[in-house]
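These notes are about the structure you will find just below.
The values are calculated or read from the model by the stated rules, or taken from the named source; none is laboratory data. In this text, all values refer to a predicted model and were calculated from it rather than measured experimentally. All Cβ positions, even for glycine, are placed from backbone atoms using ideal geometry, and neighbour counts span all protein chains on display. Side chains are part of the model used for accessible areas, which takes the heavy atoms of the whole protein and leaves out ligands, DNA and RNA. Shrake-Rupley method; radii C 1.70, N 1.55, O 1.52, S 1.80 Å.
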Amino acid sequence: MDEGKSDLALPLSDLEDYGRRLRSVKKRMNHTKKLFDSYKDDIGDSSVNDALSDFESNWEDGREDITQQLDALADMSDAVVREFTKLENELTKQVNEKMRVEDKREKK
């Protein structure tokens, strides 16, 4: 093992971003009907609009399960960030307290 190199490296900022991105995917996924409806007049062809409507209807069937899984992954990501930040703060506090104790002993 290399000296001075951490045994554990966790990209907390990446995990924070991951949770936000998952929630963004969920939001966009849940707005497909509105998106399709916004292009209805531009498309014009009723068969395309019917196909989009069918897709939306079928998509709605599986969306709830996907939504729940996205929420769970985002929540887990948030929990990891929260707990590791808490642990890092506690360890930093302990190290700082230990350093102060050592400094006081040296001054005697």
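Structure above, values below:
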read-out: Solvent-accessible area, 1.4 Å probe, carbon plus sulfur percent, for region 17-108; value: 53 percent
read-out: Per residue, in Å², the accessible surface of region 22-108 once ligands and nucleic acids are set aside, probe 1.4 Å; value: 81 Å²
read-out: Separation in nanometres of the label points that stand 7 Å from Cα toward Cβ, at S13 and A79; value: 2.6 nm
read-out: Total charge dipole magnitude, the chain, about the Cα centre, Cβ charges on Lys, Arg, Asp, Glu only, Debye to nearest 20; value: 1000 debye
read-out: Where a label projected 7 Å from the Cα of S57 along Cα→Cβ would reach, residues of region 21-39 with amide N under 20 Å; value: 30-39
read-out: In degrees, nearest ten, helix 46-107 long axis to first principal axis of the chain (Cα); value: 10 degrees
